[in-house]
1. I'd like to know if segment 40-62 contains one or more residues that are part of a loop (DSSP other than H, G, I, E, B) and of a type in the set (D, E).
2. Filter segment 255-279 down to the residues that are charged (D, E, K, R) and either touching a residue at least 60 places away in the same chain (Cβ under 8 Å) or closer than 14 Å to E95 by Cβ (or both) and list them by number.
3. What tally of residues in segment 135-154 results from selecting those that are among the basic types (K, R) and under 13 Å from the mean Cα position of the chain (by Cα)?
4. Within segment 204-219, is even one residue closer than 15 Å to P174 by Cβ, in contact with a Phe, Trp or Tyr (Cβ under 7 Å, 6 or more places away or on another chain) and modelled with pLDDT of 95 or more?
5. Has segment 203-212 got any residue that is assigned to a loop (DSSP other than H, G, I, E, B), out of contact with any helix residue (DSSP H, G or I) (no Cβ under 6 Å at 6 or more places or on another chain) and not aliphatic (A, V, I, L, M)?
6. Please pick out the residue among N39, N14 that is modelled with pLDDT under 80, touching a strand residue (DSSP E or B) at 6+ places or on another chain (Cβ under 8 Å) and not assigned by TED's automatic domain parsing to the domain that holds H148.
7. Filter segment 246-261 down to the residues that are of a type in the set (A, V, I, L, M) and touching a helix residue (DSSP H, G or I) at 6+ places or on another chain (Cβ under 8 Å) and list them by number.
8. Just to check your reading of the model, which residue among A173, A191 is outside any strand (DSSP E or B), farther than 22 Å from L263 by Cα and in the same structural domain as D246 (by TED's automatic domain parsing)?
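The values are calculated or read from the model by the stated rules, or taken from the named source; none is laboratory data. The structure presented is a predicted model; accordingly, all values stated were derived computationally and were not measured. Positions of Cβ are backbone-derived with ideal geometry, glycine not excepted, and every protein chain shown enters the neighbour counts.
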Amino acid sequence: MRTLSYTVLPEDDNRLIKRVARSKIGISSHQLARAKALNTLCLNGESVHADHVVHAGDVIYVSLIDDENDFVITPENVPVNVLFEDDDIIVLDKEAPLATQSSPKQPDNTLENRMVYRYRDVENYVFRPVNRLDKGTSGLMCVAKHAHAQMKMSAQLHTPAFVREYLAIAEGAPNPPSGTIDAPIGKADGATVKREVKEGGKESVTHYETIKTNGNLSLIHLRLETGRTHQIRVHLKHIGCPVFGDFLYGEERSDLLAGRFALHSAYVRFTHPITGEVMEFSSPLPEALSRLMEE
């Protein structure tokens, strides 16, 4: 359970504690309701009513208690590659192929199964990914450790405050070698998962730069300005350079990349949801993709 605190400033004198908690701590109305119901909204160490009046110098405490997970996840004792962890967030480097979340269709062998085991001693643990990666994509992921952190991180996700950069090995060579793909994306006709560039789709912008080419393959650096489902995969197909091994938008190559395709989340930069610190992390191209590019 995470507890947030805030010392009341003179500008907040004589305000209701619920107003200050919402505006200065930034908790959601749902979290405030949970805190009220469970008596975890406190002033100077004592539980108080949400309409209690605060004064300068008072210290507000709000304990964040997650809702129970409504889907039973089987813990799996498989380590995850953690790059950073504190009381609010965890940054990890996901392998591929590995689905991010469990579902009735795939209940086992997911990152969520592994995280549930890692936090098996946390009561009512809920897996809260901020930026999700496809099963076939490896690399950096941010996971919130409570609902408040997830809310604040998600608010950054599709803004300049949250930078996401990828490396892809694509078939062919982009022309021009660098530029911006500004093409709307929507669901393909009659499909539930597959997307395509289409009129009337959602605005989608990807910036790219070709790092090098080798034969019919190109190593491309990409930065997302928007975050649509399968955005990089759809945009690279749109310019005639599908991600190598992409079964949905190109040609599956299980002989060279078993169960995955050549897309890697290589860099993230964001603002910590509680401390306000700007944080950045990078991950090198996995060996399997480096070997593919060289050979």
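1. yes
2. Hits for segment 255-279 are R260, R269.
3. 2
4. Yes: segment 204-219 contains one or more residues that are closer than 15 Å to P174 by Cβ, in contact with a Phe, Trp or Tyr (Cβ under 7 Å, 6 or more places away or on another chain) and modelled with pLDDT of 95 or more.
5. Yes, segment 203-212 has at least one match.
6. N39
7. Once the filter is applied, which keeps residues that are of a type in the set (A, V, I, L, M) and touching a helix residue (DSSP H, G or I) at 6+ places or on another chain (Cβ under 8 Å), segment 246-261 yields L248, L256, L257.
8. Exactly one residue qualifies, and that residue is A191.
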